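Below is one structure, written out as structure tokens; comments come after it.
Just so it is clear, none of the values below were taken in a lab; they were calculated from the coordinates. A quick note: this is a predicted structure, and the numbers were derived from the prediction, not measured.
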């Protein structure tokens with residue numbers, strides 16, 4: 001699977017060279033704040049599988065709700081948030097699915113941090129829901145766990 005995406009102004013273009021480890025809709029207050037929306041859909045993928053085709057990103061370090069630092073990466077020109085590098089997920093990026101040329105290609109497989117989801121937003125009963133983050137060993141498919149294991 002190869003997908004391309006980029007920022008709003010078109011300066012940064014990137015390519016995903018593999019399918020994601022997992023795709024999730026995150027409803028945490030941090031994601032709400034940095035996206036200016038009720039949630040974000042993130043594609044969890046190895047950093048080595050994301051190739052910048054053009055442009056430059058800048059990053060800013062934030063502290064997540066868990067107290068762990070994370071680096072949010074955005075276009076140096078227009079400021080579109082493209083992905084986050086969470087310190088607790090070494091070697092991986094969480095790419096903003098909305099920045100893909102075809103965001104419909106990666107629907108979420110779960111809703112996470114639903115304890116802070118906006119009350120006016122109905123959540124599908126078809127997707128698993130987690131009040132916070134799930135335990136990957138108990139939830140992710142074996143193939144995804146193997147890919148994560150290869151990073152350690």
Worksheet entry | Candidate values [x] 15.3; [y] 18.4; [z] 15.8, label of the one derived for Kirkwood radius over Cα pairs in Å | [z]
Item to complete: Please find, in a Gaussian network model of the chain (springs between Cα atoms separated by less than 10 Å), the residue of 125, 30, 71 whose mean-square fluctuation is greatest.
Response: 125
Item to complete: Among 94, 39, 130, determine the one that fluctuates most according to a GNM of the chain built with springs between C-alpha atoms less than 10 Å apart.
Response: 130
Response to the item:
GNM on the chain, Cα springs under 10 Å; top mean-square fluctuation among 67, 88, 109 goes to 67
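Out of all DSSP beta bridges in the stretch 3-151, what portion is antiparallel? Express it as a percent rounded to 5.
Numbers: 33 of 36 bridges.
Once the DSSP bridges in the stretch 3-151 are tallied, antiparallel ones form about 90 percent.
Over the stretch 29-152, what is the mean sequence separation of C-alpha contacts under 8 Å (at least six apart), divided by residue count, expressed as relative contact order in percent? If you can, show how the numbers build up before the last one.
Details: 158 pairs, mean separation 24.7, N = 124.
In percent, rounded to a whole number, it is 20.
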